[in-house]
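In what follows, a structure is listed as structure tokens, so that the remarks can point back to it.
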Amino acid sequence: MDVAQQISSASTHLMWFNFSAKANYIDRARGQIIMDALEGEVGEMGAEKERRGIQSIEAGGQLLLALGAHGRPMPLRELAKAADMAPGKAHPYLVSFAKLGLVTQESLTGYYWLGPTAMQLGLVTLRMLNPVREGTPFAEELARQTGHSVAMSVWGNQGPTIVFLFDAIYPLHTNIRTGTVMSLAGTATGRLFAAYLPPKLIEESLLEDERRLGPDIAKPVDKDELQSMLNEVRTHGLSRSVNNPTPGVCSFAAPVFDYSGNIVLGITLMGRSRSFDTNWDGAQATAVKEAGIAISKRIGAQSPSARSTRR
């Protein structure tokens with residue numbers, strides 16, 4: 001074979017190699033696209049299955065939720081009705097739950113109640129709960145949605161103490177900082193705790209308030225006036241301050257209750273008077289009250305809205 005023929009043969013082989021390589025590349029690419037599409041479909045199917053969950057567990061779980069909501073032992077028929085299912089359908093679930101210790105059946109009455117396993121799970125959760133930690137995301141979201149300042153407070157050694165503060169999106173001139181101890185009678189936050197804590201504790205704390213803050217800041221009030229203010233808090237489930245103690249600043253404070261109905265946290269929404277709705281049923285009052293109820297539910301309160309208005 002002469003040189004010209006060798007060059008021609010080599011060129012043909014090279015062209016064929018390039019064509020084969022390109023064909024293989026296209027086939028691999030096409031195959032990869034198909035595989036990606038299939039994996040996407042499988043992933044979507046898996047995600048859909050995960051979202052759907054196991055319906056039988058969700059259905060049976062309604063029985064446990066009903067027991068927890070009613071807070072007392074219940075007969076089968078009443079329990080099934082509360083869970084929106086027939087007694088014959090509810091009974092097999094209860095048998096399985098009893099084997100796991102999630103429910104128990106009283107031997108004398110036949111009523112069903114939460115079992116030892118359910119109680120152990122509840123106790124573990126309660127031990128791990130921290131109201132401030134659980135409430136922080138709600139307080140942050142409240143500040144984001146309203147644009148106003150939000151403070152979280154707890155009852156400390158000296159009284160209502162600010163433990164977390166989210167600033168407003170605009171300058172708000174107050175002397176509140178993390179660690180500030182609030183006046184009991186002179187602030188919305190203070191009156192909130194005074195309305196729901198034992199009266200004896202409040203009487204002693206009011207005296208300490210005067211000694212700590214002085215009469216100009218603590219502004220002592222007589223017993224009847226104080227009782228009227230606290231009744232207002234209980235009636236509305238909120239405490240309110242309008243241009244007092246800081247002129248030009250208004251606030252609403254909402255309670256957070258734990259599983260035993262005790263106030264464990266206060267959440268206060270503060271803003272400039274000209275942009276803050278001070279009506280009891282206004283946007284600001286509604287927003288902070290809903291946040292308090294949401295946090296209360298988060299830490300185990302059964303009916304925080306009812307507790308907040310109880311006298």
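Values quoted throughout were computed directly from the atomic coordinates according to the rules given, and no laboratory measurement underlies them. Being a predicted model, the structure only gives us computed values, none of them experimental. Positions of Cβ are generated from backbone atoms using ideal geometry, with glycine treated the same way; all protein chains shown enter the neighbour counts.
Below is a table of values for the structure above.
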{"item": "FRET efficiency estimate (nearest 0.05) - Cβ-Cβ, Lys297 to Met229, R0 30 angstrom", "result": "0.65"}
{"item": "Gln120-Ser275 pseudo-label distance in nm [points 7 Å out on the Cα-to-Cβ vector]", "result": "5.4"}
{"item": "Anisotropy class of segment 126-271 from Cα gyration tensor, a/c 1.5 cut", "result": "oblate"}
{"item": "Semi-axis lengths (Å, descending) of the ellipsoid that matches the C-alpha gyration tensor of segment 57-207", "result": "45, 20, 13"}
{"item": "Three-way shape label, segment 214-295, alpha-carbon gyration tensor, a/c 1.5", "result": "oblate"}
{"item": "For segment 129-169: rounded, prolate or oblate by the Cα gyration tensor [a/c cutoff 1.5]", "result": "oblate"}
{"item": "Whole-Hz couplings from phi, Karplus 6.51/-1.76/1.60, listed for segment 162-176; x for Gly and Pro", "result": "6, 10, 8, 9, 10, 6, 6, 7, 10, x, 10, 8, 9, 9, 7"}
